[in-house]
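Here's the structure we're looking at; comments come further down.
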Amino acid sequence: MKEFLNINNLSVSVDEKNIINNLNLKINQGEIHAIMGPNGSGKSTLSNVLAGKDGYSITNGNISFCEENLLEFSPDERANKGIFLAFQYPVEIPGVTNINFIKTALESKREFNGLDPLKPGDFLKLIKEKAKVLGIPEDRLKRQLNVGFSGGEKKRNEALQLMMLNPSLAILDETDSGLDVDAFKIVADAVNSTRSKENSMLIITHYQRLLERICPDFVHVFVNGSIIESGGPSLADEIEKNGYERFNNG
Amino acid sequence: MKDLTMANFLNSEKLDLSFDNLTLLSNERIEAYKNLKTIGIPSKRNERWKYTDLKNDIRNINFSLCETSIDIKNSSEKIEINEIDYFTNNKDNYLKPIKYLNDEGVIYLNLSYSNLFRVITIKETPKKPIFVTLETFGKGMTFPRFVFNILPNINVEIHFLIRGGDGFVNQLIEFNIDRNSTVNIFRVNESSSIHSETFMAYLKANSNLFLNNLSLPKNKSRFQAFNSFEEDFSSSSFKSVSIPFKGCKDDFLVYNNHLSSSCSSNVGMRSILNKGVECSFQALIDIENKIKNSKAEQDCKAILLDEKSSMNAKPEMKIFNNDVVCKHGTTIGSLNKDQIFYLNSRGLSKLKAEKILLQGIISEYISDTSPLFNFLPESYK
Ligand SMILES: Nc1ncnc2c1ncn2[C@@H]1O[C@H](COP(=O)(O)OP(=O)(O)OP(=O)(O)O)[C@@H](O)[C@H]1O
Ligand SMILES: [Mg+2]
């Protein structure tokens with residue numbers, strides 16, 4: 001099985017404060033990993049570091065992606081190589097329409113991979129199809145990117161980008177938070193439909209009910225910036241029942 | 001033609017009427033000049049608008065008129081164009097610009113030396129826009145004066161293009177907008193002269209004046225507008241995008257004088273500052289005690305792309321009653337890092353992400369269907 005992501009003894013700090021401590025995680029092609037952990041444990045920090053946001057200092061360790069040193073690449077290179085981060089808090093970008101943005105993103109990825117842009121008609125067909133699956137009305141595609149979108153609408157829009165860009169490693173940072181009951185099912189099933197032997201996923205969530213629908217291969221418990229226990233979906237059931245107390249106590 | 005420097009000319013005791021035939025309208029000019037001498041050319045010291053030192057800027061300009069071409073294209077027979085005769089036949093009109101505003105040096109400067117006149121009277125809604133191009137050549141100076149008389153119930157679009165030169169342009173444009181008429185202006189400033197332009201607008205009931213401005217100065221440029229709402233339910237909206245060339249300067253000043261009730265005014269600027277440019281935004285709203293139901297908005301957004309550039313913003317409100325809905329906001333800063341990262345994380349390069357964000361800011365005022373769009377620098381389209 002091809003190795004996608006390999007995080008090796010990673011430590012990260014922000015403003016001299018250690019947030020990730022000696023983290024190890026390996027994700028192979030086709031695998032789905034879930035991370036659960038208390039607020040402030042460093043989950044979003046990890047996803048930002050993987051996506052290449054600056055402002056973090058890597059004080060130890062390394063990360064490889066498809067056997068290349070990930071830390072050498074800029075955020076856009078990482079994206080074009082197949083890493084996608086669905087943001088916990090998607091950013092509003094005024095003046096740019098949602099659909100044009102997604103088109104530009106897709107074109108830039110295709111160009112990077114030596115592919116011609118999709119024909120406008122084909123692109124339109126594709127995005128309408130995916131939007132329909134996610135229950136996104138067409139007029140929202142024409143709105144400015146995330147501007148004035150409700151919390152749930154932003155999350156659905158992240159899922160739309162995920163489906164359009166079809167990344168080899170998708171990192172979902174609480175994509176399920178903020179969705180109503182129906183939207184939750186729609187988005188979870190849509191994410192699940194992108195699952196394939198080719199691609200892998202890292203799902204950050206607080207809710208076992210998501211993992212019930214997506215059924216990950218591995219569940220990791222993330223406390224104080226490192227994984228302190230790994231297991232199968234039953235670990236999520238335990239957290240749902242008993243919380244993090246057992247893990248906090250070491 | 002005399003060959004004096006601007007400094008000499010400003011220091012002379014009285015208006016030199018032998019200079020290029022200023023004898024026409026000499027009484028009016030002498031009155032204007034007297035005031036010019038008292039008030040002086042705008043400088044940082046004596047001016048209410050604090051960011052322009054026109055006096056200093058024009059110190060070394062040659063006191064000779066430069067070649068100036070004015071081209072007006074219109075397709076309607078119901079548009080009448082007059083020149084200086086409009087004023088010689090009705091001298092009272094000559095000093096109208098100081099009716100509400102008698103302490104502006106730039107206005108008196110034009111009134112003292114106006115050398116070119118175009119008075120455009122619009123009697124019927126034209127099918128097509130009116131195109132006005134002002135081009136100047138060489139190192140001298142020029143003082144064009146335009147008057148637009150817009151009769152009632154008219155809807156007109158006017159496009160201004162200003163370009164060329166290496167001297168000093170002091171331009172005065174008046175809009176007399178009668179009841180129920182709307183004037184929509186698209187203005188492009190590509191001037192390479194020191195450019196100072198004044199709009200004076202007089203709005204009657206239910207009339208509107210809209211300015212969509214794209215300022216791309218290649219020198220020091222100053223635009224100022226004084227809108228007087230003479231009757232109820234009139235409105236103005238002035239929106240400017242400013243992208244000066246390297247090391248250049250752009251000032252945008254709008255004064256809305258709410259003389260009547262139920263009027264609304266809106267002033268906004270979007271500027272992108274790079275390579276040591278300097279911009280200023282000043283908006284002044286005046287609403288007297290007895291005026292009711294006013295609406296006034298001001299907002300300014302400036303993006304600084306380097307540390308050598310600077311932006312001054314000075315929104316000011318003189319409001320003497322409570323019956324007003326007011327909004328104002330100013331943001332000056334660099335591009336938002338989280339926005340750049342979001343775009344990067346979708347595969348867009350840093351350069352592309354910056355371009356998209358800047359385009360986004362410009363598109364608030366200039367959409368891709370605006371007549372101004374084609375004038376935007378390539379990198380912002
Ligand atoms: N730029 C920063 N400056 C200072 N502290 C930071 C910064 N970024 C993150 N932190 C801190 O690092 C810790 C981890 O934050 P992070 O957002 O990664 O948590 P999280 O596990 O995603 O939490 P949640 O479940 O609430 O989303 C928090 O204590 C946070 O305050
Ligand atoms: Mg988080």
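The values are calculated or read from the model by the stated rules, or taken from the named source; none is laboratory data. Note that the coordinates shown come from a computational prediction; the quantities given were computed from them, not determined experimentally. Note that we place each Cβ from the backbone using ideal geometry, even for glycine, and neighbour counts take in every protein chain shown. Note: areas computed on protein heavy atoms with side chains; ligands, DNA, RNA excluded. Shrake-Rupley method; radii C 1.70, N 1.55, O 1.52, S 1.80 Å.
Some observations on this one:
- Three-way shape label, region A:117-250, alpha-carbon gyration tensor, a/c 1.5: prolate
- Phi angles across region A:19-28 convert, under the Karplus curve 6.51 cos²θ - 1.76 cosθ + 1.60 with θ = phi - 60°, into 3J(HN,Hα) values of 10, 10, 10, 6, 8, 10, 7, 10, 10, 8 Hz, Gly and Pro given as x.
- Charge dipole (Cα centre; +1 on Lys/Arg Cβ, -1 on Asp/Glu Cβ; no other charges) of region B:4-334 amounts to roughly 600 debye.
- Counting, for every residue in B:354-365, the Cβ atoms of other protein chains within 10 Å of its Cβ and taking the mean gives 3.
- When the helices of chain B are scored as -39500 (n - 2.57) per DSSP H run of n ≥ 4 and the total is divided over every residue, the value at 222 nm lands at -4500 deg cm²/dmol.
- Spatially, region B:93-115 and region A:70-99 are offset by 55 Å when compared through their Cα centroids.
- A simple count of charges around A:LYS155, restricted to other residues whose Cβ falls under 11 Å of its Cβ and scoring Lys, Arg +1 and Asp, Glu -1, yields -4.
- Cα gyration tensor shape of region B:47-132, rounded if a/c is under 1.5, else prolate or oblate by comparing a/b with b/c: prolate
- Only the Cβ atoms of Lys and Arg (+1) and of Asp and Glu (-1) were treated as charged; on that basis the dipole of the protein assembly as shown about its Cα centre amounts to roughly 660 debye.
- Span-rule helices in chain B, defined as complete DSSP H runs reaching 15 Å or more along the axis (Cα) with Kyte mean at least -1.0: B:350-363
- Between B:ASN208, B:CYS66, B:SER43, the Cα set farthest toward the positive side of the dipole of chain B (charges on each charged residue's Cβ, about the Cα centre) is that of B:SER43.
- As a length-normalised measure over Cα pairs under 8 Å and 6 or more apart, the relative contact order of chain B settles at 10 percent.
- Centre-to-centre separation between the Cα atoms of region A:173-196 and those of region B:210-238: 50 Å.
- In terms of its C-alpha gyration tensor, the protein assembly as shown has a prolate overall shape, because the principal axis ratio a/c (a ≥ b ≥ c, square roots of the eigenvalues) is not below 1.5 and a/b outweighs b/c.
- Net charge of neighbours whose Cβ lies under 13 Å from the Cβ of B:VAL324, counting Lys and Arg as +1 and Asp and Glu as -1: +1
- From phi via Karplus (6.51, -1.76, 1.60), per-residue ³J(HN,Hα) for region B:94-103 in Hz, x at Gly/Pro: 4, 9, 4, x, 9, 4, 9, 9, 10, 10
- When only alpha carbons are used to place a centre, region B:24-76 and region B:318-381 end up 33 Å from one another.
- Counted by Cβ distance under 14 Å from B:PHE131, the other residues give a net charge of +3, where Lys and Arg count +1 and Asp and Glu count -1.
- Residues whose amide H comes within less than 5 Å of that of B:ASP299, counting only those at least five positions distant or on another chain, are B:VAL267, B:GLY268, B:MET269, B:GLY329 (H built at 1.01 Å from N in the peptide plane).
- Remark: chain A carries a charge dipole of roughly 620 debye about the Cα centre, counting +1 on each Lys and Arg Cβ and -1 on each Asp and Glu Cβ.
- Here, region B:4-334 yields an orientationally averaged convex hull projection of 15.7 nm² when only Cα atoms define the hull.
- Largest to smallest accessible area among B:CYS326, B:CYS66, A:CYS215 [probe 1.4 Å]: A:CYS215, B:CYS326, B:CYS66
- Taking all protein chains together and a 1.4 Å probe, the residues A:SER226, B:SER236 rank A:SER226, B:SER236 from largest to smallest accessible area.
- Solvent-accessible ranking of B:ARG45, B:ARG163, B:ARG222, largest area first, probe 1.4 Å: B:ARG45, B:ARG163, B:ARG222
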